[in-house]
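All remarks here apply to the structure that follows.
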Amino acid sequence: MSTAEVSLPITETLTPANTGELADIVRDCYERETPIYPIGGGTSLGYGLPAKRSGIGLSLAQLNSIVDYPARDMTITVEAGITLQSLANLLEAERQCLPVDVPQSDRATLGGVVATNFNGPRRFGQGTVRDHVIGIQAVDGRGQRFKGGGRVVKNVAGYDFCKLLTGSMGTLGVITELTLKLKPIADSFAIVSCSPTDLSQAGQLLAKLTKSETTPCAIELLAGPAWANSKQLAGDSGTSNALFLAVAVEGTEAEVAWMTKQLATELRHEGIRSLHTIDGKDARDIFADLKEFPSEGESPLVLRANVVPSGTTKFIEALRQLDSNCSVQSHAGNGIVIAKFSEFPSEGLARTLVGRLQAVAASFHGNVVVLSNPGGSEMTHQSVWGATDAPYDLMTAVKREFDPQNILNPDRFVYIS
Ligand SMILES: Cc1cc2nc3c(=O)[nH]c(=O)nc-3n(C[C@H](O)[C@H](O)[C@H](O)COP(=O)(O)OP(=O)(O)OC[C@H]3O[C@@H](n4cnc5c(N)ncnc54)[C@H](O)[C@@H]3O)c2cc1C
């Protein structure tokens, strides 16, 4: 069982052929107060509080068709069960893309990515999946269909359902259809990487990069065993220091050539002696590793922290004090830190999170969530979702409006009604 595949308490999995059938299933469950667990590609069903109430699995596997693709308008409308890879293959023919990089894209579905609001390294330069969803259709907890947004950018009169459902973990509605705004595929892509001596120097470089004359699409700070043997990142420096700063740029050949040269000048100006520019296949290989890192392999505990960017290196320091062998990927330009522990914290999850890491994150205006804990121990609300200062009552009232019987992914998300 890989880190993501978990056993949900489902009695059976239903796979509707279309939205009408899906709405009928939800309506029937509403009448019988039967819990529903929406299933996309199943790559992160372990994300969230463990499901307790037995119910049915609702697979979106057959809702995977293209509804409308006016490539000239750089938008596309698809059903939510389409995998990110199939979508990418289709868009590539028009030299277009959805610049959101998720692991296991041959299995991860668009609906699952939107429901979890997972994003990859290029969130820095290209924005998050939330920024690309301009229209949404879903079925609420009564089995009623509803929609928000539309086929054109800025078509949101009233409450923005696209933004509300993104990251709602399938607790407000089962997403059935999405309209996306797309981007052109860049002609050229390259990475400038170096190995800071320590986290303090890394922090200085990150601060300088916020004033760079270039426009990176990703700023990744990488630490730990997972990156130690990366020949491409280390280049001929042969460094064993498993701390790397990788800055990715994309655009026309000329733009990328200028930006990599400018970045090298800026980094050298900050005292970096050994750095190298990686392009072509090597750059794409590194990027594939960056994309797959969060869900790759077996880890007894995977966490994600969101802090202000200036808090990134301090948070990594706190992680290393807990587990000097943990592997870290940080979308450092956005203050996102993903940590894969090499062993489960001996002092237990609650002490590690509530007692230590959440306090560090809070000191940088952030939070820590559990992405995966295959052992499943101590998965309490506070340890999984951390502290939240959002208006809890208002949020649970919103949940009840969309799902009065609390049947959609019940008690798995932040707001438990
Ligand atoms: C440990 C770990 C870390 C990860 N980190 C990242 C990361 O940093 N960045 C990244 O981009 N990806 C990350 N992922 C990948 C993530 O798996 C996928 O990007 C995506 O979120 C899941 O897509 P899926 O279709 O497999 O969803 P599933 O695993 O099937 O479902 C995920 C959640 O979404 C709900 N859901 C699924 N489809 C729908 C729908 N149509 N309507 C309503 N709710 C729905 C499910 O009920 C479930 O709660 C990570 C995965 C794991 C296991």
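The values are calculated or read from the model by the stated rules, or taken from the named source; none is laboratory data. Every value quoted in this text rests on a predicted model; they were computed, and no experiment measured them. Cβ placement follows ideal geometry from the backbone for every residue including glycine, while neighbour counts extend to all protein chains displayed. Only protein heavy atoms, including side chains, enter the accessible area calculation; ligands, DNA and RNA are left aside. Shrake-Rupley method; radii C 1.70, N 1.55, O 1.52, S 1.80 Å.
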If we only count helices (runs of 4 or more DSSP H) wholly inside the range 299-417, which ones have 1 or more residues that are basic (Lys, Arg)? 312-322, 392-402
Name the pairs whose Cβ atoms lie under 7 Å apart, with the first residue in the range 14-40 and more than 13 Å from residue 174 (Cα to Cα) and not assigned by TED's automatic domain parsing to the domain that holds residue 81, the second modelled with pLDDT of 95 or more and in a helix (DSSP H, G or I), and 6 or more positions between them or separate chains? 14/25
Across the range 105-139, the tally of residues that are within 11 Å of the ligand (Cβ to nearest atom) and either in contact with a strand residue (DSSP E or B) (Cβ under 7 Å, 6 or more places away or on another chain) or assigned to a helix (DSSP H, G or I) (or both) stands at 20
Criterion violated by residue 83 - all others in (1) under 25 Å from residue 374 (Cα atoms); (2) surrounded by fewer than 20 Cβ atoms within 10 Å (Cβ to Cβ) satisfied: (2)
Matching strands (runs of 3 or more DSSP E) fully within the range 46-93 where at least 1 residues are within 11 Å of the ligand (Cβ to nearest atom) and either in contact (Cβ under 8 Å) with a residue 12 or more places away in the chain or of a type outside the set (Gly, Ala, Ser) (or both): 55-59, 75-79
Inspect the range 365-381 for any residue being at pLDDT 90 or above, open to solvent by less than 20 Å² (accessible area, probe 1.4 Å), within 30 Å of residue 161 (Cβ to Cβ) and among the polar types (S, T, N, Q) and give the result as yes or no. yes
Residue by residue through the range 167-179, note down the ones that are surrounded by 23 or more Cβ atoms within 10 Å (Cβ to Cβ) and either assigned by TED's automatic domain parsing to the domain that holds residue 257 or under 24 Å from residue 371 (Cβ atoms) (or both). 168, 170, 171, 172, 173, 174, 175, 178
Within the bounds of the range 298-312, is there any residue that is open to solvent by 50 Å² or more (accessible area, probe 1.4 Å), within 15 Å of the ligand (Cβ to nearest atom), farther than 20 Å from residue 119 by Cα and touching a residue at least 40 places away in the same chain (Cβ under 8 Å)? yes
Filtering the range 126-166 down to residues that are surrounded by fewer than 18 Cβ atoms within 10 Å (Cβ to Cβ), more than 25 Å from residue 396 (Cβ to Cβ), in contact with a Gly (Cβ under 7 Å, 6 or more places away or on another chain) and not polar (S, T, N, Q) yields 150, 151
Residues (open to solvent by 20 Å² or more (accessible area, probe 1.4 Å) and either in contact (Cβ under 8 Å) with a residue 24 or more places away in the chain or within 15 Å of the ligand (Cβ to nearest atom) (or both)) located in the range 382-405: 382, 387, 388, 390, 398, 402, 404, 405
May I ask you to verify whether residue 207 is away from the ligand (no atom under 16 Å from the Cβ), surrounded by fewer than 24 Cβ atoms within 10 Å (Cβ to Cβ), among the small types (Gly, Ala, Ser) and modelled with pLDDT under 95? no
Given (1) of a type in the set (Val, Ile, Thr); (2) away from the ligand (no atom under 15 Å from the Cβ); (3) surrounded by fewer than 22 Cβ atoms within 10 Å (Cβ to Cβ), number of the condition residue 25 does not satisfy: (2)
